[in-house]
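Enquirer: Below you will find the structure I want to go over with you.
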Amino acid sequence: MTVTQATRAVDVAAIDAALGDFFAGRRGEAEAFGPDFAATVAELESFVLRGGKRIRPVFVWLGWLGAGGDPGGPRAHAVLRAGAAFELLHAAGLIHDDIIDASLTRRGHPSAHVAFAERHRARRFSGDPAAFGVGTAIVVGDLALIWADALVGDSGLPADAQIRVAPVWSAARAEVMYGQLLDLITQAGDDEDVESALRVDRYKTASYTVQRPLQFGGAIADADPALSAAYGSYGVDIGIAFQLRDDLLGVFGDPTVTGKPSGDDLREGKRTVLLATALTLADARDAAAADYLRTKIGTDLTADELDRVRAILVDVGAVARVEEQISVRGERALAVLAASDATDLAKRHLAEMAVTVLQRTR
């Protein structure tokens with residue numbers, strides 16, 4: 001996602017600076033354990049800083065502005081630092097998710113576990129490079145979670161704000177794990193239910209991508225319960241729409257733009273809303289197409305097979321149905337936003353962010 005001009009010019013640059021400062025302050029700790037340790041930890045810094053859209057910290061910032069935060073006031077820098085912690089939470093999720101999904105690339109670069117395996121080979125370490133890569137990536141992902149907590153604690157937020165954000169931050173961390181577990185269980189159980197897939201999307205993506213960051217920012221400014229609830233409704237719908245668009249891009253997107261191979265979700269057999277919708281529609285309209293999907297999903301699809309699966313997704317109406325859901329959720333979120341008592345500045349930027357989510361190409 002490309003964020004709005006207003007947030008790109010100020011907030012995203014400041015978020016990157018906050019992350020850079022945080023990592024710089026941690027290098028001494030890593031270097032004390034030796035050069036190989038420091039180089040391994042440096043991969044986390046590279047992973048976080050070389051890509052990403054920074055949408056989670058931006059939503060923290062907008063949640064704070066919407067509840068009356070002063071962008072020119074003394075608390076602004078602390079808000080940006082605390083919001084940047086969501087990037088470390090996100091990094092932990094991506095690193096672990098790539099292991100679970102056996103994904104080889106992320107953002108156009110080798111996934112963390114692949115990079116660590118390559119380092120094992122380059123250093124001529126003993127043992128299995130792949131096992132080393134996976135084990136190291138798990139620990140580095142855990143380190144990202146620990147450092148996310150540290151960044152919130154060291155952000156400079158005053159004690160009263162720290163108390164208010166604590167339950168929101170706890171919910172964000174827990175819910176992303178709930179979503180990951182639901183995803184694993186849904187996929188292993190061959191669950192084809194659309195509602196099950198939507199539940200995964202809510203907890204694995206919507207919660208820590210939009211809903212909780214907005215509420216986190218609102219809590220810093222002591223938002224009233226009505227505004228926090230509006231942030232929650234907007235966040236769930238926009239967050240799910242974000243994931244629905246991601247599902248479509250994972251099948252039809254340009255890998256040079258998305259940074260991920262096209263069709264990976266299908267090869268991995270991920271139980272996305274797109275697939276669940278396609279199976280439901282195919283069962284009702286085209287039994288042969290339904291059988292083909294069930295036979296091929298979760299296998300190493302050839303280019304021709306992938307093209308046929310794409311055609312089925314379109315022909316049975318699954319793509320159109322998901323696009324409709326994206327539009328419906330976007331309209332509903334914008335209506336909630338308009339009726340809320342968020343500041344006009346935040347409403348404008350949140351509306352722009354919603355449109356960007358709905359139309360994004362990467």
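Any read-out appearing in this document is the output of simple, stated calculations on the displayed coordinates, not a laboratory observation. Fair warning: this is a prediction, and the values are worked out from it, not measured in the lab. For neighbour counting, all protein chains shown are included, and Cβ atoms are generated from backbone atoms with ideal geometry for every residue, glycine included.
Enquirer: Once the convex hull of the alpha carbons of the range 144-235 is built, what does its volume come to per residue, in cubic angstrom?
Expert: In the range 144-235, the Cα hull volume divided by residue count equals 85 Å³.
Enquirer: Running a GNM on the chain with Cα contacts under 10 Å, which residue among ARG27, ARG329, ARG212 ends up with the highest mean-square fluctuation?
Expert: Most flexible of the set in this elastic network: ARG27.
Enquirer: Most fluctuating residue of PHE22, PHE216, PHE37 in a GNM of the chain with Cα springs under 10 Å: which is it?
Expert: Result: PHE37 has the largest fluctuation of those listed.
Enquirer: Hydropathy at least 0.0 by Kyte-Doolittle, axial extent at least 24 angstrom from the Cα trace: which helices of the chain, defined as entire DSSP H runs, fit?
Expert: 13-31, 76-101, 129-153, 159-188, 225-252, 318-339
Enquirer: Please check: in the Gaussian network model of the chain (C-alpha springs, under 10 Å), which one of ASP36, ASP247, ASP16 has the largest mean-square fluctuation.
Expert: ASP36
Enquirer: Take ASP21 and ALA150, extend 7 Å from each Cα along the Cα→Cβ direction, and tell me the distance between the two endpoints in nm.
Expert: If labels sit at ASP21 and ALA150, their model points lie 1.6 nm apart.
Enquirer: Say each of ALA335 and ILE138 gets a label point 7 Å from the Cα, pointing the same way as Cα to Cβ; how far apart are those two points in nm?
Expert: Calculated label separation equals 4.7 nm.
Enquirer: So how many Lys-Lys pairs in the range 5-359 land under 21 Å Cα to Cα, not counting same-chain pairs under 8 apart?
Expert: The number of close lysine pairs in the range 5-359 is 8.
Enquirer: On to the next question. Label THR256 and ASP70 with points 7 Å out from Cα along Cα→Cβ: what is the distance between them in nm?
Expert: Computed distance between label sites THR256 and ASP70 equals 4.9 nm.
Enquirer: Continuing with this model, one more query. Calculate the radius of gyration of the Cα atoms of the range 5-359 to one decimal place, then report Dmax, the largest Cα-Cα distance, as a whole number, both in Å.
Expert: 20.9, 63
Enquirer: How do the peptides 270-277, 224-231 rank, highest first, by the average count of neighbouring beta carbon atoms within 10 Å per residue?
Expert: In decreasing order of mean packing, 270-277, 224-231 become 270-277, 224-231.
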